[in-house]
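No value in this document is a laboratory result; all are computed from the given coordinates. Because the structure is a prediction, the values reported are computed rather than measured. All Cβ positions, even for glycine, are placed from backbone atoms using ideal geometry, and neighbour counts span all protein chains on display.
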Amino acid sequence: MMNQTVKAILLTSMLPFAANAAQELTPWYVGGGLGVNNYEPSCDMKTMKVCGEDAPYAWDVFGGYLFNDYFGVELGYRDLGRAEWIDYSNKLNDVGAKGMSLGVVGFWPIANRWSLSVEAGAMNYLLSNNKEYGSEYYSDSGVAPYLGAGIGYNITENLKLQAKYRRYENLDEDRWNTLEMESNYWGLELSYRFGKSAPTVLAPVIAAVIDSDNDGVIDSLDKCPDTPATHKVDANGCSIYKQITEQRDLGSILFANDSSVVKSESIARIEKLANYMNKNPQSKVLISGHASDVGKADYNMQLSDKRANAVAEILINKFGISKDRVSAKGFGITKPVIQGRSNEANKANRRIEAHVTGVRKEALIK
């Protein structure tokens, strides 16, 4: 009667599985196990004459319900296999236990996907002895308590593999008082939990999109917030520039006849040149020296070199322009501004010219 009641409970408890299978991860699971079992203390029993061997395999199927992630209940059917021996009457005994089980199980996560488990319950067993190949068959039933422990690994969120140990007590045959046994079981179990985890839905965050300077880059990403709307900009909202090379003649500095000494009134012009170069750090200057057509050409060439170098030294030493940005060269009488040897021509040709080559930036326009 008790066996029929336990079977009915098992069948009834399995009904919700199909209904929940298509929903989110449910508390229901089913599984099965396979392992080896050892009955004891069969070699110490008074009725035994020769020890035999246990059958190699035991198995079970089960269904469970989780109250939470740490605690649940399991209902199952277990077959613990069989054992053989020859008793003192030289008859072969073939004994095995099987039946329904009901127990509680606890889980403890220890690492990613790994967990430990403990269990306790009772097995409503049927103990049968096919003595002398079934010619003297007899059986008895009872309730045997068991304890167990295991370690599990979640292959997926639904599928779990566990290594299990169980100890069964009081697997006794009380009707004729012939058997008093315990059992040790080791095995692997594979279980499946129905459903799947509900996806995490994050509420959308809508941020206001503002582009104050209308350059096409929103304010939260704009590193140049005041860019003119007509300028082309980069990903940071800053104007894109092109480099333009230009050349400027900053005018002449005049010298006295046969002299390379820079006049004091010319210092202001040299300072103006230095200021321009400081504001345009990529610019360079060529100081060209010239002479009037009086005297020998070779001498005038040397004199024009001295005049050019005199101005270059003032730029470098007095106004701090880097030496690698200043060059000087004399041209003698080869490039007069006024032809001839008149007083007007001689005065105009005794000069220094500064030719500045600069690079300036110009914004690209849309």
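Computed values, structure above
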item: Dipole of the stretch 103-236, positive direction: furthest Cα of Met123, Ile155, Ser191, with charges on the beta-carbon; result: Met123
item: Three-way shape label, the stretch 241-363, alpha-carbon gyration tensor, a/c 1.5; result: prolate
item: Leu254 paired with Tyr276, simple spin-label distance in nm, labels 7 Å along Cα-to-beta-carbon; result: 2.0 nm
item: Net charge contributed by nearby residues that have their C-beta within less than 13 Å of Gly32 (K/R +1, D/E -1); result: -1
item: Neighbourhood net charge (9 Å Cβ-Cβ; Lys/Arg +1, Asp/Glu -1) for Ala256; result: +1
item: Cβ-placed point charges (K, R +1; D, E -1), dipole of the stretch 241-363 about Cα centre in debye, nearest 20; result: 280 debye
item: Fewest-first ranking of His355, His290, His231, using other Cβ atoms within 10 Å as the exposure measure; result: His355, His231, His290
item: Proximal charge balance of Asp215 [Cβ under 14 Å; K/R count +1, D/E count -1]; result: -3
item: Estimated inter-spin distance, Tyr88 and Arg113, nm [label 7 Å along Cα→Cβ]; result: 5.7 nm
item: Mean separation of Cα contacts under 8 Å (6+ apart) over length of the stretch 247-307, as relative contact order %; result: 33 percent
item: Full-extension gain in nm, Asn236 to Asn170, via 0.36 nm per residue minus C-alpha separation; result: 15.8 nm
